[in-house]
Amino acid sequence: EDKDITIRKADRVRDIKSFISYAVGCMFGRYSLDEEGLVYAGGKFDLDRYKTFIPTKDNILVIADDDYFEDDIVNRFVDFVKITFGKETLEENLDYISETLGQKTTETSRQTIRRYFLKDFYKDHVKTYKNHPIYWLFDSGRYNGFKALIYMHRYEPSTVARVRIDYLHETQKALRTAINDNEQIIETTNSPSEKNKAVKTKNKLEKQLDETRKYDEALAHVANKKISIDLDDGVKANYGKFQGVKGFKEGSKAKINLLKKI
């Protein structure tokens, strides 16, 4: 029985989620495939300590609702699996991971992994770290218009501005392009099912785009402040600096949480 042993028994779901968490740690540079143990948790960040798998240089990982970016968290995770276990078994390993995460019959393995990052990864991370997460999730809201992770220990006062300019705005461009593509389908297709699917997708994309516009205004306000954090103050105090930013839509009294509530 578990109570009678001092090591954990293998648990497929838990262990695959732990592997995904370790992969994200390598993407941020918290861990390195070239060194054992914790590699970075503050101080000067040295990219030379990472040879086999290179972490993100700007400390930002986008979790996109679709395959909009070559270097989003899903594509980086696929690269991580390829590097750690080999190109020859990549698809087999992705299938195993997606099956473990509860793959739906309509999904590819990458779509299942994307859904996990969008909906469940951060909840698991917060639970693992007992509501003191070291990875922080920028989250525009219920429609998943924009999500991006940063690593608390690599945060800089310019990080929010980079999230906004380099990633949020690029996501908005991708959403506009996708909306236009679906409008083309609606106007040109002779298939009722294809048209209905395009209408449904277009409506979803428009909600996402509207959500990101509101989020952009609040993000700009905080980016201009160039907020500093002190790691010695702990997660709760630093995390709280990004909560409850007043919305700036005319007539709006709502406040926007830049980071996912914990």
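Worth pointing out:
- Odd one out for residue 51 among (1) in a loop (DSSP other than H, G, I, E, B); (2) touching a helix residue (DSSP H, G or I) at 6+ places or on another chain (Cβ under 8 Å); (3) farther than 28 Å from residue 243 by Cβ; (4) open to solvent by 40 Å² or more (accessible area, probe 1.4 Å): (2)
- Residue match in segment 97-118 (condition: assigned to a strand (DSSP E or B) and in contact (Cβ under 8 Å) with a residue 60 or more places away in the chain): no
- Note on segment 55-74: residues that are closer than 19 Å to residue 159 by Cα and either of a type in the set (S, T, N, Q) or open to solvent by 50 Å² or more (accessible area, probe 1.4 Å) (or both) total 4.
- Candidates 190, 203, 196, 180, filtered to the one that is without any contact (Cβ under 8 Å) to a residue 12 or more places away in the chain and either within 16 Å of the chain's Cα centre (by Cα) or not in a helix (DSSP H, G or I) (or both): 190
- Of the criteria (1) part of a loop (DSSP other than H, G, I, E, B); (2) buried (at least 16 other Cβ atoms within 10 Å of the Cβ), which one residue 243 fails: (2)
- Within segment 222-234, residues that are within 17 Å of residue 152 (Cβ to Cβ) reach partners that are at pLDDT 90 or above and outside any helix (DSSP H, G or I) with beta carbons closer than 8 Å, at six or more positions or on different chains, in the pairs 226/157; 226/158; 227/157; 228/157; 229/155; 231/42; 234/132.
- Residue in segment 109-126 that is more than 17 Å from the chain's Cα centre (by Cα) and of a type in the set (Val, Ile, Thr) present: no
- Scope segment 89-122; condition within 18 Å of residue 146 (Cβ to Cβ) and either touching a helix residue (DSSP H, G or I) at 6+ places or on another chain (Cβ under 6 Å) or open to solvent by 90 Å² or more (accessible area, probe 1.4 Å) (or both); matching residues: 114, 117, 119
- Search result, residues across segment 1-44 that are over 17 Å from residue 153 (Cα atoms), part of a helix (DSSP H, G or I), within 24 Å of the chain's Cα centre (by Cα) and not small (Gly, Ala, Ser): 12, 13, 14, 15, 16, 17, 19, 20
- With respect to the conditions (1) of a type in the set (A, V, I, L, M, F, W, C); (2) assigned to a helix (DSSP H, G or I); (3) under 30 Å from residue 129 (Cα atoms); (4) open to solvent by less than 40 Å² (accessible area, probe 1.4 Å), residue 237 lacks only one, and its number is (4).
- The set of residues in segment 65-100 that are within 30 Å of residue 161 (Cβ to Cβ) and modelled with pLDDT of 95 or more comprises 72, 73, 74, 75, 76, 77, 78, 79, 80.
- If the condition is being crowded, with 18+ Cβ neighbours inside 10 Å and not charged (D, E, K, R), then segment 156-173 contributes 159, 160, 163, 167, 168, 171, 172.
The values are calculated or read from the model by the stated rules, or taken from the named source; none is laboratory data. For clarity, every value in this text was computed on a predicted model and none was experimentally measured. Quick reminder, even Gly has a Cβ in these numbers, built from the backbone with ideal geometry, and neighbours come from all protein chains shown. Side chains are part of the model used for accessible areas, which takes the heavy atoms of the whole protein and leaves out ligands, DNA and RNA. Shrake-Rupley method; radii C 1.70, N 1.55, O 1.52, S 1.80 Å.
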